[in-house]
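The values are calculated or read from the model by the stated rules, or taken from the named source; none is laboratory data. On a predicted model such as this, the values are computed, not experimentally measured, just so you know. Note that we place each Cβ from the backbone using ideal geometry, even for glycine, and neighbour counts take in every protein chain shown.
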Amino acid sequence: MPMASMSRAAIKWPEDGRQSETARAVCKGVRRMLRTLNMASVTELVLPDGRRADIMALGTDGSLSIIEIKSSVADFRADGKWPFYRAHCDRLYFAVPPTMPLDILPDDAGLIVADAYAAETIRGAPEHRLPGATRKALLIRFAQAAAERLHIAYDPDIRV
């Protein structure tokens, strides 16, 4: 079946069990917002240092943003890995549900509030442009992940 004729209902992504229901809802709203901004995104992208970005977004200008989802205060306080994401993006954001207190989040990162239906950028993220070689490596990683996921959605029997 040609890709153009596949219905959206035909593509069902398996849950990986790592995210809470709240985190999945925030992710969905953020990705909807990114799409309206003409940004492509992938979730759970493995970075060169082995950490996983919750969402990596690619702008039409080649810019790369990481959006780190925090579903609760406990989730934020238990996670010390987010400062390392700065080395892998031009802009770093936190995305949180509307119930999250915003004053605990660092001021030097962008801030997005989201639910399962929509998201709003509350504070933009400062830009820290990536070196050219790092950008190229991340763009290749992004493209390979997106293409592999699309292939699996189109041909689920390909998994080995």
Q: All but one of (1) surrounded by fewer than 19 Cβ atoms within 10 Å (Cβ to Cβ); (2) in contact with an Asp or Glu (Cβ under 7 Å, 6 or more places away or on another chain) hold for Ser65, so report the exception by its number.
A: (1)
(Q) Regarding the stretch 20-35, can at least one residue be identified that is small (Gly, Ala, Ser), more than 12 Å from the chain's Cα centre (by Cα) and at pLDDT 95 or above? (A) yes
Q) Here are some conditions: (1) farther than 18 Å from Ile66 by Cβ; (2) outside any loop (DSSP other than H, G, I, E, B). Pro98 meets all but one. Which one does it not meet? A) (2)
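Residues are listed down the side, and each one gets a yes or a no for (1) assigned to a loop (DSSP other than H, G, I, E, B); (2) surrounded by 17 or more Cβ atoms within 10 Å (Cβ to Cβ):
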site	(1), (2)
Pro106	yes, no
Tyr117	yes, no
Ala125	yes, yes
Lys136	no, no
Asp157	no, no
Q. Only one of Asp54, Asp61 is at pLDDT 95 or above, under 20 Å from Leu150 (Cβ atoms) and acidic (Asp, Glu); which?
A. Asp54
Q: Go through the stretch 37-72 and give me each residue that's part of a strand (DSSP E or B) and either in contact with a Gly (Cβ under 6 Å, 6 or more places away or on another chain) or at positive phi (or both).
A: Glu44
**Q.** Single residue of Arg141, Arg149 found to be modelled with pLDDT under 95, assigned to a helix (DSSP H, G or I), basic (Lys, Arg) and surrounded by 12 or more Cβ atoms within 10 Å (Cβ to Cβ)
**A.** Arg149
Q.
Return the residues of the stretch 39-69 that are in contact (Cβ under 8 Å) with a residue 40 or more places away in the chain, more than 10 Å from the chain's Cα centre (by Cα) and under 22 Å from Ser20 (Cα atoms); say none if nothing qualifies.
A. Val46, Leu47
